[in-house]
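Asks: Here you go, one structure.
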Amino acid sequence: MTDKRKYYLTTPIYYTNGLPHIGHTYSTIVCDTIRRYKRMRGYDVVMTTGTDEHGVNVERSAKKAGVPESEFVAKMAAEWRALWDELGVQGDEFIRTTDLKHAHTVQWLFKQCRENGFVYPGHYTGQYCIYDNAYVDVKPGENCPDCGRSTETVTEANYFFKLSAFQKPLLQWYAKHPDFIQPEARRNEVLSFVEGGLRDLSITRTTIRWGIPVPGEEPHVFYVWFDALTAYLSAVGGPQYEKTGFWPADVHLVGKEIIRFHAVYWPAFLMAAGLPLPKQIWAHGWLLMDSTKMSKSLGNVVRPRPIVHVLGMDALRYYLLRETVFGQDGNFSYDALVQRYNSDLANGLGNLASRTAAMIEKNSGGKIPKPAALQPSDSALATQAQAAIGDVVEQYDNLAFSRALEQIWSLIAATDKYLTTEHPWSLGESDADQQRRATILWTTAEVLRIATALTHPVLPESTTKVWSLLGQPGQPGSIALDNLRWGQLVPGTPLGKSQALFPRIEKAEAIERMESMENEAQKQPSPAVAPMPASTPAASGTAAAAAPQATPEKIGIEDFAKVEMRVGQIKTAERIVGADKLLKLTVDIGTEIRQICAGIAQYYEPEKLIGRKVAVVVNLAPRKLRGVESNGMIVAASVGPEGRPVLAGFPDEDVEIGARLK
Ligand code: MSP
C-alpha cells in the first residue's frame, strides 16, 4: 500500500444554506468519476468533499428557521452527505467547516501568514455581496457585478492579507506551471486579472458572528473564503499534512465562477504560509436551464433525487458526463436525459449485456464459450476494443469524459452491428457452425467485459451487475486498467446471475414522474389556498372548472378570497419540445409578466392566443411542468368527457389588465 502513488482531489465544499441541485451534483460526480478511475490506475486516492457552513447567509437562514446555527448546519450537512451516498459518491473525507480540526488549521494558517509578515490590521468600507461573500467594486446602491443581486455597505475593522505582494510570485508560478489553471480560457481570465494588479484582501470580519474566531482577536472571525479554502488542507492532516502525504492536492475541481478564489487567493495564502501549492485547478462550466445558470436564487433548479428515483443514479451520472463537454457549459433537459437513458443505456449497454448473456445461456450452457480461430470481422472488433482501452484511458486522463463515453459507445454500436452481420442465431449444429458461434459469442462477451471495465468509473452500479453477469471475479472497481487487454476472458467461466439493468421507460411517463416528485418536494407548507376545482389531466397549468358534483362541499367567502384571480393578457405563447399538451405562455398580470404553462396545446394555436385576455390564478405556489417553471394558472372550463379546456375570458368588455376577479 505504502508504495502506491498518492492522488488527492477535491470538490468545492458546498454552502449549507441550500440543498444540492444537479449543478452541485455535477461537480461531485465528476470528482467521484476521477476518483474511481485513478483507483483503477493503481493510485492511492483521497477525495474530499464537504460543506461550507459559516457566514452571514447561514446566520440568516438559521434565524429564519428559528434554530441555532449549529443545529441548522448539522441538519443541512447530513442532507448533503445522504445525497452523495445515494449517488454512489465515494468521498473519503467529508469535511465540515465547523469541524474542530478545521478551525485549528485555519487558525494555524493565519498564524503562519502573520508571522511571515503578510497580515496587518486596518479598516475597510465597501460594498459587500452577501451571496458571493465578497466585497465588490461598485458604488452604494449598485448591484453585485457577478450575481446581479443587491450589495450592502459594510465598514469594519479587520485584518488584511497582503495580496498585492503576490502579483509577481503568482505570475511567475503560472508561467512555470502552464497547466496550473485549466482550461485555457480560465487561465487567460485569471492571468489578465492578476496582471491588472492585486489589492490587499480583508480576511477577518467583525460584522459576522457565525465564523471561526481569530485567536486573541475576538470579535474577529475569519472571512469565509479564508476559512473555506483551508478545508482542502484540514481534510488531509492540516498542520500535520506531511504525515498523511496527501498535500499538495493534485486537483481542485471547481465551477468556473469560483476560479479566482482558487487560482489567486488560495495559492497566495499558501505561498504566504510557506506551504506547497496544489498542482492544478480545473474549472468546469455550468449546467444551464434554458440557457441560464441553474441556481437556487433564480428558481430554475433541478434536484437529483427524482432523477435517481425514476432512472437510477447511473443514468444521471451518465447523462451529466456524456452530454456536456467537460469545461464548457451544458444545457439540462429532461427530454435529453430520458432520450440518452433509452438509447444509450437501455438499448445500448443494457441490451448488449442481456442478449449476450441470453445467447451464451442458450448455446453454451451458461458458460463463456471457447473461441476458435478469429476471422477478419472478429479481429476488426478486437482491434477496435484494444484501441479503445488506450484511448479511453487517455481521455479520462484529460478529463474528456464525453469523448471517452462516445468511444466506448461506438464500440458497443460496432458490436451490435457485428452481431447483426454475423447472426450467430442462424448458424446450425455442424461442428464448423458451432465453433463459429462460439467464437462470435466469446468475442461479443469480451467486448462487453472491456466496455464494462472502461465504463465503471461513470456507471459504478450497473457495471458491477454486468461484471458479475459475465462471471468475473471481484468488483470492476478493483480491475487494474493498466493490465486490461483484449483476450483475457477465460472460456468455461460460468455466467453469474442476471439482474435488471436499464428497463426501458416511456419518455412522457418518466418525465411526468420526475416532475411530479420535484413539484412535491418543492411544495411549501400549504399556504392555505382554497382547493381549486379539479383540473383536467391535460390541463396541468389550467384550472379547468369541473362539472358540478352531487354534493359540493361548501366553503366560506373568506376561503374563496384566498384565491387571487386577476385579468391577464397573453404576450407570448410557444410549444414546449417533448410536451405535446403544454404551451409556455408569458402573461401580463398588470404588476408583472409571468411565465405560465397551460395544458391547452392540443386545443389552441399558440399564435392565436397572443393578446387574448384570460383569468389567471396569481397566488399559486410556482411549480415545474416538464422542467419549465409555471408561476400561476390560467382558468379554463373542462368540457365534455375528454375534458377539453375552454379558456375563461372577457369577450364583451374591455377589462383592465390586472383587475381582480371576485
Ligand atoms: N462554498 C463555496 C465553495 C468553497 S470551496 C473552498 C461555493 N459553494 S456553492 O454551494 O455555491 O457551490 C459551488 C459549486 O457548485 C460550484 O463551484 C460548482 O462546482 C457547483 N455548481 C453550482 N451551480 C452550478 C451549475 N449550475 N452548474 C455546474 N456547477 C455548478 O461556491
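Asks: Would you call Leu83 touching a Pro at 6+ places or on another chain (Cβ under 9 Å), among the aliphatic types (A, V, I, L, M) and either within 16 Å of the ligand (Cβ to nearest atom) or part of a loop (DSSP other than H, G, I, E, B) (or both)? Before you say what the answer is, go through the steps one by one.
Replies: Numbers: touching a Pro at 6+ places or on another chain (Cβ under 9 Å): yes; among the aliphatic types (A, V, I, L, M): yes; either within 16 Å of the ligand (Cβ to nearest atom) or part of a loop (DSSP other than H, G, I, E, B) (or both): yes.
Considered against the rule, which asks whether it is touching a Pro at 6+ places or on another chain (Cβ under 9 Å), among the aliphatic types (A, V, I, L, M) and either within 16 Å of the ligand (Cβ to nearest atom) or part of a loop (DSSP other than H, G, I, E, B) (or both), Leu83 comes out as yes.
Asks: Here is a list of conditions, (1) more than 30 Å from Gly627 (Cβ to Cβ); (2) touching a residue at least 40 places away in the same chain (Cβ under 8 Å), and Thr420 meets all of them except one; can you say which number that is?
Replies: Status for Thr420: all satisfied but (2).
Asks: Taking region 392-404, which residues are surrounded by 15 or more Cβ atoms within 10 Å (Cβ to Cβ) and in a helix (DSSP H, G or I)? So that I can check it myself, show each step before the final result.
Replies: Residues of region 392-404 surrounded by 15 or more Cβ atoms within 10 Å (Cβ to Cβ): 392-393, 395-396, 399-404.
Scanning region 392-404 gives Val392, Val393, Gln395, Tyr396, Phe401, Ser402, Arg403, Ala404.
Asks: Can you name the condition, by its number, that Val308 falls short on among (1) within 13 Å of the ligand (Cβ to nearest atom); (2) buried (at least 19 other Cβ atoms within 10 Å of the Cβ); (3) within 16 Å of the chain's Cα centre (by Cα); (4) part of a helix (DSSP H, G or I)?
Replies: Among (1) within 13 Å of the ligand (Cβ to nearest atom); (2) buried (at least 19 other Cβ atoms within 10 Å of the Cβ); (3) within 16 Å of the chain's Cα centre (by Cα); (4) part of a helix (DSSP H, G or I), Val308 violates only (1).
Asks: While we're here: Restricting to region 600-630, count the residues that are outside any strand (DSSP E or B), free of Cβ contacts under 8 Å to residues at least 60 places away in the same chain and open to solvent by 40 Å² or more (accessible area, probe 1.4 Å).
Replies: We begin by selecting, within region 600-630, every residue outside any strand (DSSP E or B); these are 600-612, 618-622, 626-627.
Remaining after also requiring free of Cβ contacts under 8 Å to residues at least 60 places away in the same chain: 601, 603-612, 618.
Now drop any that are not open to solvent by 40 Å² or more (accessible area, probe 1.4 Å), which leaves 603, 605, 607-608, 610, 612.
The number of residues fulfilling the criteria is 6.
Asks: Show me the strands (runs of 3 or more DSSP E) found entirely inside region 91-195 where at least 3 residues are charged (D, E, K, R) and open to solvent by 20 Å² or more (accessible area, probe 1.4 Å). Give the steps one after another, and end with the answer.
Replies: Working: elements: 93-96, 119-129, 134-136, 152-161.
It comes to none.
Asks: I've got another one for you. Restricting the search to region 367-383, which residues are open to solvent by less than 30 Å² (accessible area, probe 1.4 Å) and within 40 Å of the chain's Cα centre (by Cα)? Give the steps one after another, and end with the answer.
Replies: Taking region 367-383 as the starting set, the residues that turn out to be open to solvent by less than 30 Å² (accessible area, probe 1.4 Å) are 368-369, 378, 381-382.
Ile368, Asp378, Leu381, Ala382 - these are the residues of region 367-383 that are open to solvent by less than 30 Å² (accessible area, probe 1.4 Å) and within 40 Å of the chain's Cα centre (by Cα).
Asks: Of everything in region 84-116, what is at pLDDT below 95 and touching a Leu at 6+ places or on another chain (Cβ under 8 Å)? Give them in sequence order.
Replies: Across region 84-116, the qualifying residue is only Leu87.
Asks: Would you please name the residue that is surrounded by the most Cβ atoms within 10 Å (Cβ to Cβ), looking only at residues in region 240-271 that are more than 12 Å from the ligand (Cβ to nearest atom) and charged (D, E, K, R)?
Replies: Asp250
Asks: Still on this structure: Going residue by residue through region 285-297, is there one that turns out to be assigned to a strand (DSSP E or B), open to solvent by less than 20 Å² (accessible area, probe 1.4 Å) and within 12 Å of the ligand (Cβ to nearest atom)? Reasoning before the result, please.
Replies: Initially, region 285-297 is screened for residues assigned to a strand (DSSP E or B), giving 287-289, 292-293.
If we keep only those that are open to solvent by less than 20 Å² (accessible area, probe 1.4 Å) as well, we get 287, 289.
If we keep only those that are within 12 Å of the ligand (Cβ to nearest atom) as well, we get 287, 289.
There is at least one residue in region 285-297 that is assigned to a strand (DSSP E or B), open to solvent by less than 20 Å² (accessible area, probe 1.4 Å) and within 12 Å of the ligand (Cβ to nearest atom).
Asks: Next question, about the same structure. Go through region 228-255 residue by residue and tally those that are within 16 Å of Tyr14 (Cβ to Cβ) and of a type in the set (D, E, K, R).
Replies: Matching residues across region 228-255 total 0.
Asks: From the list Gly274, Gly237, which residue is without any contact (Cβ under 8 Å) to a residue 24 or more places away in the chain, more than 9 Å from the ligand (Cβ to nearest atom) and touching a helix residue (DSSP H, G or I) at 6+ places or on another chain (Cβ under 7 Å)?
Replies: Details: Gly274 fails: without any contact (Cβ under 8 Å) to a residue 24 or more places away in the chain.
One residue alone meets the criteria, Gly237.
Asks: So, one more: On the given criteria, is Ala268 under 21 Å from Phe110 (Cβ atoms) and of a type outside the set (Asp, Glu)? Show your work before the answer.
Replies: Numbers: under 21 Å from Phe110 (Cβ atoms): yes; of a type outside the set (Asp, Glu): yes.
Taking the combined requirement at face value, the residue satisfies it.
Residues checked against (1) within 33 Å of the chain's Cα centre (by Cα); (2) under 20 Å from Met313 (Cβ atoms); (3) part of a helix (DSSP H, G or I):
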{"residue": "Thr420", "(1), (2), (3)": "no, no, yes"}
{"residue": "Thr439", "(1), (2), (3)": "no, no, yes"}
{"residue": "Ala451", "(1), (2), (3)": "yes, yes, yes"}
{"residue": "Val458", "(1), (2), (3)": "yes, yes, no"}
{"residue": "Thr464", "(1), (2), (3)": "yes, yes, yes"}
{"residue": "Gln472", "(1), (2), (3)": "yes, no, no"}
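Asks: Quick check on this structure: which one of Tyr131, Tyr124 is modelled with pLDDT under 95 and closer than 29 Å to Met76 by Cα?
Replies: Values: Tyr124 fails: closer than 29 Å to Met76 by Cα.
Tyr131 is the lone residue from the list that is modelled with pLDDT under 95 and closer than 29 Å to Met76 by Cα.
Asks: Which residue pairs have Cβ atoms under 7 Å apart, sit 6 or more places apart or on different chains, and have a first residue in region 278-290 that is hydroxyl-bearing (Ser, Thr, Tyr) and a second that is near the ligand (Cβ under 8 Å from one of its atoms)?
Replies: none
Asks: Considering only residues that are among the β-branched types (Val, Ile, Thr) and open to solvent by 10 Å² or more (accessible area, probe 1.4 Å), look in region 1-41 and name the one that is nearest to the ligand (Cβ to nearest atom). Step through it out loud before you land on a result.
Replies: In the first step, residues of region 1-41 are kept if they are among the β-branched types (Val, Ile, Thr); the result is 2, 10-11, 13, 16, 22, 25, 28-30, 33-34.
Restricting the remaining residues to those that are open to solvent by 10 Å² or more (accessible area, probe 1.4 Å) gives 2, 13.
Details: Thr2: 30, Ile13: 5 Å.
In this case the residue turns out to be Ile13.
Asks: Any idea which residue in region 357-391 is nearest to Asp179 (Cα to Cα), counting only those that are among the polar types (S, T, N, Q) and assigned to a helix (DSSP H, G or I)? Quick ask: steps written out before the conclusion?
Replies: Going through region 357-391, the residues among the polar types (S, T, N, Q) turn out to be 363-364, 375, 377, 379, 383-384, 386.
Checking which are assigned to a helix (DSSP H, G or I) leaves us with 363-364, 377, 379, 383-384, 386.
Working: Asn363: 53, Ser364: 52, Ser377: 42, Ser379: 39, Thr383: 33, Gln384: 31, Gln386: 29 Å.
For region 357-391, the residue satisfying everything is Gln386.
Asks: Could you please let me know if Gly55 is within 8 Å of the ligand (Cβ to nearest atom) and modelled with pLDDT under 95?
Replies: Details: within 8 Å of the ligand (Cβ to nearest atom): no; modelled with pLDDT under 95: yes.
So Gly55 fails the test.
Asks: If you go through region 338-354 one residue at a time, do you hit one that is closer than 16 Å to Gly627 by Cα, in contact (Cβ under 8 Å) with a residue 12 or more places away in the chain and more than 12 Å from the ligand (Cβ to nearest atom)? Outline the logic, then answer.
Replies: Here is the first cut: in region 338-354, the ones closer than 16 Å to Gly627 by Cα are 338-339.
Next cut, in contact (Cβ under 8 Å) with a residue 12 or more places away in the chain only: 338-339.
Cutting the leftovers down to more than 12 Å from the ligand (Cβ to nearest atom) gives us 338-339.
Looking for residues that are closer than 16 Å to Gly627 by Cα, in contact (Cβ under 8 Å) with a residue 12 or more places away in the chain and more than 12 Å from the ligand (Cβ to nearest atom), one finds at least one in region 338-354, hence yes.
Asks: Another question about this same structure. Is at least one residue of region 608-615 among the small types (Gly, Ala, Ser), at pLDDT 90 or above, more than 37 Å from the chain's Cα centre (by Cα) and under 26 Å from Glu520 (Cα atoms)?
Replies: Narrowing region 608-615 to residues among the small types (Gly, Ala, Ser): 611, 615.
Remaining after also requiring at pLDDT 90 or above: 611, 615.
Checking which are more than 37 Å from the chain's Cα centre (by Cα) leaves us with 611, 615.
Pick out the ones that are also under 26 Å from Glu520 (Cα atoms) and you get 615.
Yes, because at least one residue in region 608-615 is among the small types (Gly, Ala, Ser), at pLDDT 90 or above, more than 37 Å from the chain's Cα centre (by Cα) and under 26 Å from Glu520 (Cα atoms).
Asks: Let me ask something else about it. Consider Arg504 carefully, then state whether it is basic (Lys, Arg) and in a helix (DSSP H, G or I).
Replies: Numbers: basic (Lys, Arg): yes; in a helix (DSSP H, G or I): no.
No; evaluated as a whole, the condition is false for this residue.
The values are calculated or read from the model by the stated rules, or taken from the named source; none is laboratory data. What you see is a predicted model, and the numbers here were worked out from it, not measured in a lab. Please note: Cβ atoms are built from the backbone with ideal geometry, for glycine as well, and neighbour counts cover all protein chains shown. Surface areas here come from the heavy atoms of the whole protein model, side chains and all, with no ligands, DNA or RNA. Shrake-Rupley method; radii C 1.70, N 1.55, O 1.52, S 1.80 Å.
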